[in-house]
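In what follows, a structure is listed as structure tokens, so that the remarks can point back to it.
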């Protein structure tokens with residue numbers, strides 16, 4: 001039996017996520033969507049380099065933004081990771097998957113959905129919150145650069161998440177909170 005390194009496992013997971021996202025592109029560029037989960041994973045890796053956390057970072061948008069089901073994702077994870085890692089990675093992806101979507105709650109406005117989603121996120125694990133911090137940081141970089149009109153609203157929503165979701169990596173949370181506050185100040189001037 002061939003030993004598969006963590007790097008090879010993560011490459012397989014990255015490829016699965018890329019295939020799941022298909023032709024999706026980042027909103028403000030022509031880049032394939034996978035560049036975002038890879039950047040989120042790279043940020044997370046500086047604070048928590050466990051395979052299951054990095055796998056979840058790569059897969060954090062798969063259930064929300066692709067046709068893949070939890071069952072399909074879990075089956076794949078069990079092929080690449082040991083059962084304990086696969087269980088944990090799936091749980092983290094589920095924790096990071098929005099529940100209060102426009103599709104599920106069409107009569108609610110964005111503020112109502114975001115408020116409930118933030119409350120839900122505040123009850124997730126520290127690992128899921130760490131991934132969320134990395135997600136916020138990467139999205140902040142793009143939105144502030146490419147959508148100055150939407151940026152203030154987005155940043156205020158992120159600040160609310162960072163205030164309530166306080167169980168993740170403290171250093172990363174501080175970096176992301178400082179960045180969000182700094183960008184809000186810059187947008188005022």
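Read-outs throughout are calculated quantities, based only on the coordinates presented, and are distinct from any laboratory measurement. Note that the structure is predicted; figures quoted are calculated from it, not measured. In this analysis, Cβ positions are derived from the backbone assuming ideal geometry, glycine residues included, and neighbour counts consider all displayed protein chains.
What do you get for the angle between helix 110-122 and the principal long axis of the chain? Use alpha-carbon atoms, 0 to 90 degrees, nearest ten. Here the helix axis deviates by roughly 50 degrees. Separation of region 95-153 and region 1-71, taken as the distance between their Cα centroids, equals 18 angstrom. Relative to the dominant Cα principal axis of the chain, helix 126-146 is inclined by about 60°. Here region 32-189 is described by how far its Cα atoms reach on the three principal axes: 51, 39, 31 Å, from widest to narrowest.
With helices as the sole contributors, the chain gives -22000 deg cm²/dmol at 222 nm; each DSSP H run of n ≥ 4 counts as -39500 (n - 2.57), and the sum is divided by every residue.
Return 48, 23, 61 ranked ascending by Cβ neighbour count within 10 Å, so the fewest neighbours appear first. Mind showing how you got there, number by number?
On the way: 48 18, 23 6, 61 22.
Lowest to highest Cβ neighbour count: 23, 48, 61.
Between 173, 39, 153, the Gaussian network model of the chain with springs among Cα atoms under 10 angstrom shows the greatest mean-square fluctuation at 153.
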